[in-house]
Amino acid sequence: MSNEDLLRLATVDNFRDVAGDGYATTDGGRVRTGVFFRSNELRLSGADLETLTALGLTAIIDLRSQGEIDRHPDPEVPGATWLHYDLFGIPMERVAAVQTVDDAEEIMHTVYRGFVDDPHSRDHLGGVLRQLAGGGKQLFHCTAGKDRTGWTAALLLHIAGVDDATIASDYLLTNARSAASRARLRATIVDAAGPERAKVFEPTLIADISFLRAASDAVEASYGDRDSYLREGLGLDDEVLGRLRALLRD
């Protein structure tokens, strides 16, 4: 079974290897596949649970809120310890009050700025990266696998030495990979509120480069660059960053 075949799960459409097919790094290296995985929520069929189990995961890191977990708890994956790190996602109480596409986009920009500016999210995100640095095959996920998961994956690729254009391309890959689950969610919104309201909510359903840019701009404003954000904002020392880099690099 090829790496690409392994990563396509029928019931978790945004499940994939953080390394892609082995992304190139700026110094001529490659990112190691088969180490870290990312996904949307794990609403798995029996066959997909067997495939996930066969990967030999040591940990599943759930980035969702407790309410999200209560609605759709992760299944037990043999051999994998379940861990919870709560990164703040889309605030549903604000989504309910959205009136325009601009409102929805501003909510998304707020979410991404929060990965940088919110102490709670920084604390938990630092915990996620320290956990990953411990080694072993690990999977992290949120609900859609695009925002909390997308920012975490972007940081890992940066640590590995991947260029920003590739990081952006990988981030946007969510839109192609999760087309089926996004269509189901959009249909649910249409049924509940009508097609016009569904159009208003569209920015909350996709990965958009302006969202990633909002987080990057917040990093620059508060820390100057991502390396300072990793150290000062997330509290990661050279040992942790070095272990992550060693795990991520071929």
#### Entry: Packing-based exposure ordering (other Cβ within 10 Å, fewest first) of THR53, THR143
THR53, THR143
### Query
Amide H of PHE37: which non-local residues (sequence gap of 5 or more, or other chain) have their own amide H closer than 5 Å, using H built in the peptide plane?
VAL18, GLN138, LEU139, PHE140
### Query
For LEU55 and ARG213 in the same chain, what is the full-extension length gain: residue separation times 0.36 nm, less their Cα-Cα distance, in nm?
53.6 nm
## Note on the structure
If amide H atoms are modeled at 1.01 Å from N in the peptide plane, then the residues at a separation of 5 or more from THR81, or on another chain, having amide H under 5 Å from its own are ALA59, ILE60
### Query
Where both partners of a DSSP beta bridge lie in the chain, what percent of those bridges are antiparallel, to the nearest 5?
25 percent
### Query
By counting other Cβ atoms within 10 Å of each Cβ, how are ASP48, ASP70 ranked from fewest to most?
ASP70, ASP48
### Query
Across the stretch 236-243, in residue order, what do the Karplus-derived ³J(HN,Hα) couplings come to in whole Hz, using 6.51 cos²θ - 1.76 cosθ + 1.60 with θ = phi - 60° and x for Gly and Pro?
8, 9, 4, 5, 5, 5, x, 5
### Message
To check my understanding: the extent here is largest minus smallest coordinate of the Cα atoms along each principal axis. What are those three numbers for the stretch 136-216, in Å, largest first?
### Response
44, 28, 18
### Query
Which of the listed residues, LEU230, THR204, ALA179, is farthest toward the dipole's positive end in the chain, when Lys, Arg count +1 and Asp, Glu count -1 at the beta-carbon?
ALA179
### Query
For PHE36, PHE201, PHE140, what's the fewest-to-most ordering of other Cβ within 10 Å of each Cβ?
PHE201, PHE36, PHE140
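Let me check against my output: what whole-number percent is the relative contact order of the stretch 3-248, with C-alpha pairs under 8 Å and at least 6 apart?
Dividing the mean separation by the residue count of the stretch 3-248 yields 26 percent.
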### Task
State the Cα centre-to-centre distance between the stretch 105-175 and the stretch 21-40 in whole Å.
14 Å
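Since every read-out is calculated from the coordinates, none of them should be taken as a lab result. Everything numeric in this text was worked out from a predicted model, so none of it was measured. Positions of Cβ are generated from backbone atoms using ideal geometry, with glycine treated the same way; all protein chains shown enter the neighbour counts.
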